[in-house]
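Enquirer: Just passing along the structure, written as structure tokens.
The values are calculated or read from the model by the stated rules, or taken from the named source; none is laboratory data. Computed from a predicted model, the values in this text were never measured in an experiment. Please note: Cβ atoms are built from the backbone with ideal geometry, for glycine as well, and neighbour counts cover all protein chains shown. Please note that ligands, DNA and RNA were not included when accessible areas were found on the heavy atoms of the full protein model with its side chains. Shrake-Rupley method; radii C 1.70, N 1.55, O 1.52, S 1.80 Å.
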Amino acid sequence: MSASSSLLRTIDSPADLRRLGRGQLPQVAAELRQFVLDTVSQTGGHLGSNLGTVELTVALHYVFDTPRDRIVWDVGHQTYPHKVLTGRRDRMHTLRQLGGIGGFPRRDESEYDTFGTAHSSTSISAALGMALAAQLKGEDRRCVAVIGDGAMSAGMAFEALNNAGFGHDGHSVDMLVILNDNDMSISPPVGALNRYLARLMSGQFYAAAREGAKAVLKPVPPLFELARRLEEHAKGMVVPGTIFEEFGFNYVGPIDGHDLDSLVPTLENLRAKKGPQFLHVVTKKGYGYKLAEADPVKYHAASGKFNPAEGFPKATGPAKLTFTQVFGQWLCDMAEADRRLVGITPAMREGSGMVEFHKRFPGRYFDVGIAEQHAVTFAAGLACEGLKPVVAIYSTFLQRGYDQLIHDVAIQNLPVVFALDRAGIVGADGATHCGAFDIAYVRCIPHCSMLVPSDENECRMALSTAFAQDHPVAVRYPRGSGCGAEVQAGLDTWPWGKGVVRRESALRPEPRGPRLAILAFGTLLHPALAAAARLDATVADMRFAKPLDEALVLELARTHGALVTVEEGCIGGGAGSAVLECLAAAGMEVPVLQLGLPDEFVEHGDPGKLLALAGLDAAGIERSIRQRFGVPESARPALAAVNS
């Protein structure tokens, strides 16, 4: 397609799109799909989901008066086409990069991003709130929630459906829920006949006839019930079971989500209707890109650049094990050793490294869907019966099951292991996925422990240590690889609650002398060691954020002039706070510098750059220590002055 004939280049807002004729929309969709593919091949990011929502995005912005009409995208990793059509086409080359546009909707990025999303199953609740707000303010606007079949498995989505169908103060709520079903193949019932029936069911004639028939037949209950059953039977011949109508929604579909001739008129009909509406569209992940269609799991997201003609590059040479892979190997080995082990994931089998476990131990593998609350309480139930559940879950996703962690696991002191992947900075996925809070939110719960391994081998040992306990234990580890430590076979454990000194200062360990000790919690041990080499500081690998090795903390406080705590998590309530609490309880006054993530949400970008900006690389740790304690560049730490 030459630049002169490109329609996409003429669209700087949905208003431009709406000026086009309906016959031009397929060309817009084709160009938009190619643009998204070209963009992601250069920036990385979610691919399959975005290719699958191109036509739906075009149809929504063509039919609805955005941004006056509100569109809420569940999860939001499928919104690249939406971003392109809403004035961000020329910034897409900055996607998920530091200072660039985000990979998810953000209210501070565009007025078309009506609600910030990234965790699943929030769209119906948010759109319902917007619809009721419009109703209360007397504003004529439409509110649409676009939710995937996976996100629909979460309880929150059904809570919102129940609330929406019930209405408010005796009045129904005008809103549309679109189920983007990309797991169901487009079978014959989604063809021409079903398209006709979907348009018919969404139109005013059908609605008027239906309500008229109800009015006539209601005085004769047997005939009314017969008519209702006949209608449901007729619809059931061409559509799935409509549980959504039991929630009070008018159900329409399923229709082909890649057929603009079906999408546009159906959406036009639904936009004109009052009350809660539900449209079921069927799409295909990776649609229009054969490699992604053939392997939607692999092409869910691109980690970096690739050639679209060749697909994702094959790995060359031996790669360092990721922490996720270390967990996956440990899980299989521990399952061989202990038949009580069961593995649980809330719809993150690949992301959490459980593919091999699922293959080898299918009867002990449980994917509960996008249902983190259920995952935690389900694990508690298993533990009550003598099994040893391991819940593999991202750090930020466990936040969604926090009440269950406290109420169902911790209060009952059940032996559940939480393998917290993606702890700390995650990079391109940004604030919504940054595991900044797990140390703080686990550390404050009675009976719960938090282990913070510093490398891949330590991670394996930490997992074995956690599994050996008879109470709730969380093990946090970051995304990607660490220092490349060799992972030993076996299921060795740590001494419970004990840290290890990894580097000893060369200065004489006189009581409260001019020595500095760095207490590292987790993988920041390695930049801490690099900084310590220049500062001649002692370094402790603390291993445990809870229970804290208080004996080690107090010993370091007695023999050093100042302490520094380093963690890849929030400072407030984190591991450094545990050290301060320990010192205060012992009545020891020692200068302490706490280093960690700032009291703000960490933006998307390259993880290394983000760590450096937070002052958590080796240079940043050294710089903070020198500034805090006045250590000159050319001298060993002269810390005696801080005690005077």
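Enquirer: Looking at region 320-341, which of its residues are in contact (Cβ under 8 Å) with a residue 40 or more places away in the chain and open to solvent by 10 Å² or more (accessible area, probe 1.4 Å)?
Expert: The answer is LYS320, LEU321, THR322, THR324, GLN329, ASP333, MET334, ALA337, ASP338, ARG340.
Enquirer: Can you find a residue that is in contact with a Lys or Arg (Cβ under 7 Å, 6 or more places away or on another chain) and within 27 Å of SER481 (Cα to Cα) anywhere in region 355-366?
Expert: There is at least one residue in region 355-366 that is in contact with a Lys or Arg (Cβ under 7 Å, 6 or more places away or on another chain) and within 27 Å of SER481 (Cα to Cα).
Enquirer: Checking ARG96 against (1) in contact (Cβ under 8 Å) with a residue 40 or more places away in the chain; (2) open to solvent by less than 20 Å² (accessible area, probe 1.4 Å); (3) assigned to a loop (DSSP other than H, G, I, E, B): exactly one of these is not met. Which one?
Expert: Just one mismatch for ARG96, condition (2).
Enquirer: Conditions first: (1) out of contact with any Ser or Thr (no Cβ under 7 Å at 6 or more places or on another chain); (2) within 30 Å of ASP421 (Cβ to Cβ). ALA575 passes all but one, so which condition is the exception?
Expert: (1)
Enquirer: Have a look at HIS77, HIS82 and point out the one that is over 18 Å from HIS280 (Cα atoms) and either free of Cβ contacts under 8 Å to residues at least 12 places away in the same chain or open to solvent by less than 10 Å² (accessible area, probe 1.4 Å) (or both).
Expert: None of the other options fit; the residue is HIS82.
Enquirer: Ok, one more. Mind listing just one residue for me: the one in region 615-644 that is among the hydrophobic types (A, V, I, L, M, F, W, C) and at pLDDT 95 or above and, of those, most open to solvent (accessible area, probe 1.4 Å)?
Expert: Applying the filter and picking the extreme gives ALA619.
Enquirer: Right, next: Out of the residues in region 576-597 that are closer than 17 Å to HIS560 by Cα and out of contact with any strand residue (DSSP E or B) (no Cβ under 8 Å at 6 or more places or on another chain), which is most open to solvent (accessible area, probe 1.4 Å)?
Expert: Only one residue tops the list, namely GLU589.
Enquirer: Next question, about the same structure. For ASP12, state whether it is assigned to a loop (DSSP other than H, G, I, E, B) and over 20 Å from GLY257 (Cβ atoms).
Expert: Against the criterion (assigned to a loop (DSSP other than H, G, I, E, B) and over 20 Å from GLY257 (Cβ atoms)), ASP12 qualifies.
Enquirer: Filtering region 1-59 down to residues that are touching a Pro at 6+ places or on another chain (Cβ under 7 Å) and more than 20 Å from GLY100 (Cβ to Cβ), which residue is modelled with the lowest pLDDT?
Expert: Across region 1-59, the extreme among qualifying residues is GLY48.
Enquirer: Would you mind listing the helices (runs of 4 or more DSSP H) fully within region 385-502 where at least 1 residues are among the hydrophobic types (A, V, I, L, M, F, W, C) and under 15 Å from the mean Cα position of the chain (by Cα)?
Expert: 395-398
Enquirer: Kindly provide the set of residues from region 118-128 that are open to solvent by less than 40 Å² (accessible area, probe 1.4 Å) and either in contact with a Phe, Trp or Tyr (Cβ under 6 Å, 6 or more places away or on another chain) or closer than 15 Å to ASN162 by Cα (or both), ordered by number.
Expert: Scanning region 118-128 gives ALA118, SER121, THR122, SER123, ILE124, ALA126, ALA127, LEU128.
Enquirer: Within region 354-379, which residues are within 20 Å of ASP333 (Cα to Cα) and open to solvent by 20 Å² or more (accessible area, probe 1.4 Å)?
Expert: Across region 354-379, the qualifying residues are VAL355, GLU356, HIS358, LYS359, ARG360, PHE361, PRO362, GLY363, ARG364, TYR365, PHE366, ASP367.
Enquirer: Still on this model: Any residue at all in region 380-397 that's polar (S, T, N, Q) and open to solvent by 10 Å² or more (accessible area, probe 1.4 Å)?
Expert: No, that holds for no residue.
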